[in-house]
1. Using a 1.4 angstrom probe, figure out how much accessible area region 48-150 has per residue, in square angstrom, rounded to the nearest whole.
2. Separation of region 293-320 and region 119-157 by C-alpha centroid, Å?
3. Just round it to a whole percent: the fraction of Cα-Cα distances in region 261-362 exceeding 16 Å.
4. Where does the chain land at 222 nm, in deg cm²/dmol rounded to the nearest 500, when only DSSP H runs of n ≥ 4 count, each adding -39500 (n - 2.57), divided by all residues?
5. Projected area of region 6-165, taken from the Cα convex hull and averaged over every viewing direction, in nm²?
6. Provide the percentage of antiparallel DSSP beta bridges, counting only those with both residues in the chain; round to the nearest 5.
7. Can you give the direction-averaged projected area of the convex hull of the alpha-carbon atoms in the chain, in nm²?
8. Tilt of helix 249-258 relative to the longest C-alpha principal axis of the chain, in degrees (0 to 90, nearest 10)?
Amino acid sequence: MRIEKIELGTITLPLAHPFKTALRTVEHIHDIVVRVTDNEGRVGYGEAPPTAVITGDTLGSITCAIEEFIAPAIVGMDLADLDAVMAKLNGCMVHNSSPKAAVDMALYDLWAKAQGKPLYQLLGNAKASFETDLTISVNPTEEMVRDALEAVEKGFHILKIKVGKEGLADVERIAAIREAVGPDITLRVDANQGWTAAQSVSIIKALEDKALNIQLVEQPVPAEDIAGLKFVTGQVDTPILADEAVFSPQDAANLITIRAADYLNIKLMKTGGIWNALKICKLAKQHGMECMIGCMLESQISVAASAHLCAGQSAITMADLDGPSLCATPPMAGGPRFDGAVIAMTEDPGIGVRDIPCRDWH
């Protein structure tokens, strides 16, 4: 299983609707795809989106990191010693979590294919299917209500409501959505770092006073404001999910130690891939903390890798893997089946996605 070559390409897919958060507006996916080939001709695939406002990674930096640092460090290594390869991958440069994640998942894809098994079975085999939420972008209230009702009609039972741009006005927006969808739909709220600690407490308490039954609030304060995150967690009854505040296993350990959040959101583009994500899962399980698996604006390739991690690990009890559902294009062949709200694992070896509409391999 010697790593022979690493190639890059690009993939562009339109979104069904513009994706709007407190941080950005995006109308299409435009990502780097990684193809790793071993000495027996097997191929593994990975993907990295440029999410500069969160990870700092751009199309140019992703390409440079892989071509000039990661590939020279690991080409020629034997993937049979997976830990050695992953240690080299993570040690060849600091930061650059998205390019590391793309190569990491391509290596895991290749590693599992060599064993003839779907990756999730090698990662723990915790569950064969699970349910994801669907994101409702931040828009005028009437549009968000319409989008929420449309999602429910499509069979989604969990909605993730993007807010964070209008302070206390977000309360009425969420209340309108709750009234429209009824009491049986699970609502998650994601402020994307859009509030201060004091605002967060005021807004979340207002949601509680209105008995809107919010499952959790995700990253209410800026990522660097760990003290603020801990303050909010201690002041409200609604569980708080740390997202941008947790990239590495060390970040996770720090948050767990001071109980700065109730849950952790794992995203491969933050952790640098599956290898480090597994370490976070282990920490969370040791401390009885549940995790969510999330994604950036990614195609089916890397979301499938996250699905395998979710299916493999019992510490991951919640999923926000709606990337393929947000795309306006038909699904790719192979790998997990994205059937509306339900993601079902298959017996395809590795991550399983194939027939990737990628161009410009080099």
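The values are calculated or read from the model by the stated rules, or taken from the named source; none is laboratory data. Remember, predicted model here, so these are calculated numbers, not experimental data. Cβ: placed from backbone, ideal geometry, glycine included. Neighbour counts: every protein chain shown. Surface accessibility is based on the protein's heavy atoms, side chains included, excluding ligands, DNA and RNA. Shrake-Rupley method; radii C 1.70, N 1.55, O 1.52, S 1.80 Å.
1. 38
2. If we compute the Cα centre of each part, the gap is 12 Å.
3. That tail contains 56 percent of the Cα-Cα pairs.
4. That comes out to -11000 deg cm²/dmol.
5. 11.2
6. The antiparallel proportion sits near 55 percent.
7. Working: hull surface 63.2 nm².
Answer in nm², one decimal: 15.8.
8. That helix lies at roughly 30 degrees to the long axis.
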